[in-house]
């Protein structure tokens, strides 16, 4: 194309990528990779910690369940003994009233 005298100088388009742009891109990718790795590591540690807590709580609940069953068994035995004592007391009272 012909250029007129009043036109500005020819515009030159440079398609080269500057070194600072490449370094910035590589640095950003590395930074994101490091942050992702660190986040995954922390999450794994927290998950391990929660797993240990759940195991401890499971053991505690099992112990409490065993204690509750033992208590229930003792309660049944005490109820039977109380019923037996009530029967004996009723017989004794009946005999005392009959002998009066």
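The values are calculated or read from the model by the stated rules, or taken from the named source; none is laboratory data. Not measured: the values here are computed from a predicted model. For neighbour counting, all protein chains shown are included, and Cβ atoms are generated from backbone atoms with ideal geometry for every residue, glycine included.
Computed values, structure above
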read-out: Residue list for region 14-28, restricted to those being exposed (fewer than 10 other Cβ atoms within 10 Å of the Cβ) and under 33 Å from the mean Cα position of the chain (by Cα); value: none
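Rundown of residues vs (1) out of contact with any strand residue (DSSP E or B) (no Cβ under 9 Å at 6 or more places or on another chain); (2) surrounded by 10 or more Cβ atoms within 10 Å (Cβ to Cβ); (3) at pLDDT 95 or above; (4) not in a helix (DSSP H, G or I), yes/no style:
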| residue | (1), (2), (3), (4) |
| --- | --- |
| 63 | yes, yes, yes, no |
| 80 | yes, yes, yes, no |
| 85 | yes, yes, yes, no |
| 92 | yes, yes, no, no |
| 97 | yes, no, no, no |
